[in-house]
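Q: Sharing a structure, written as structure tokens. Questions coming.
The values are calculated or read from the model by the stated rules, or taken from the named source; none is laboratory data. Everything numeric in this text was worked out from a predicted model, so none of it was measured. Note: ideal-geometry Cβ built from the backbone for every residue, glycine included; neighbour counts use all protein chains shown. Just the protein is used for accessible areas: all its heavy atoms, side chains included, with ligands, DNA and RNA removed. Shrake-Rupley method; radii C 1.70, N 1.55, O 1.52, S 1.80 Å.
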Amino acid sequence: MAKREDRKSAIRSLVRAENIRTQKELVERLQQHGFDCTQATVSRDIAEMGFVKSELGFYALPEDIALKRLMGEHAIAAEVAGNLVVVKTRSGSASLIGEVLDNADIAGLVGTIAGDNTIMLAVKTEARASEIADHLAAMLR
């Protein structure tokens, strides 16, 4: 079971980090990272994880698309403060975005606390907090 979860974690990371269009590309990248898998295995993983194709034709996680939409529509700012990330939102939107962040399985994110218009993200390291803040800030319109 751990091997399967490790592979899914690697798939999630690869899809978030790279523009992958086909299952074949994903299998090749996984094999480069030491995973012995077939296209059929990756196809099952993609279906279980609910992948979709972005408007540009790349694989994307549904939670990432939802997060991007919500951040674009409801968030105002994302700033790093040590190993914390603070996201300011329109009034009443923080808990919705916090829920999506909690379910997005973002590496290094320990959890969120959401109020009415502010979300505090606890992150394992300052470096990772900075990366997450930059990623979220890039989603703002």
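Q: Could you please let me know if A10 is of a type in the set (G, A, S), open to solvent by 60 Å² or more (accessible area, probe 1.4 Å), free of Cβ contacts under 8 Å to residues at least 40 places away in the same chain and closer than 20 Å to D64 by Cβ?
A: no
Q: Does the stretch 122-129 contain at least one residue that is open to solvent by less than 20 Å² (accessible area, probe 1.4 Å), closer than 19 Å to S13 by Cα and assigned to a loop (DSSP other than H, G, I, E, B)?
A: Scanning the stretch 122-129, I find no residue that is open to solvent by less than 20 Å² (accessible area, probe 1.4 Å), closer than 19 Å to S13 by Cα and assigned to a loop (DSSP other than H, G, I, E, B), so the answer is no.
Q: Name the residue that is farthest from the chain's Cα centre (by Cα), counting only residues in the stretch 54-98 that are open to solvent by 80 Å² or more (accessible area, probe 1.4 Å) and either of a type in the set (A, V, I, L, M) or under 25 Å from E18 (Cα atoms) (or both).
A: I76
Q: Name the one entry in V52, V15, V42 that is touching a residue at least 24 places away in the same chain (Cβ under 8 Å) and within 17 Å of I65 (Cβ to Cβ).
A: V15
Q: Would you point out the residue of the stretch 28-53, among those that are farther than 16 Å from E5 by Cα and of a type in the set (D, E, K, R), that is most open to solvent (accessible area, probe 1.4 Å)?
A: Filtering the stretch 28-53 for residues that are farther than 16 Å from E5 by Cα and of a type in the set (D, E, K, R), the one most open to solvent (accessible area, probe 1.4 Å) comes out as K53.
Q: How about the stretch 99-121: which of its residues are open to solvent by 70 Å² or more (accessible area, probe 1.4 Å), over 26 Å from M49 (Cβ atoms) and not in a loop (DSSP other than H, G, I, E, B)?
A: Correct list: I113, M120.
Q: Pairs, please: C-beta under 9 Å, at least 6 apart or cross-chain, first residue free of Cβ contacts under 8 Å to residues at least 24 places away in the same chain and under 14 Å from L136 (Cβ atoms) and in the stretch 91-111, second among the aliphatic types (A, V, I, L, M) and open to solvent by 80 Å² or more (accessible area, probe 1.4 Å)?
A: As it stands, the answer is G98/I113, since those pairs meet every condition given.
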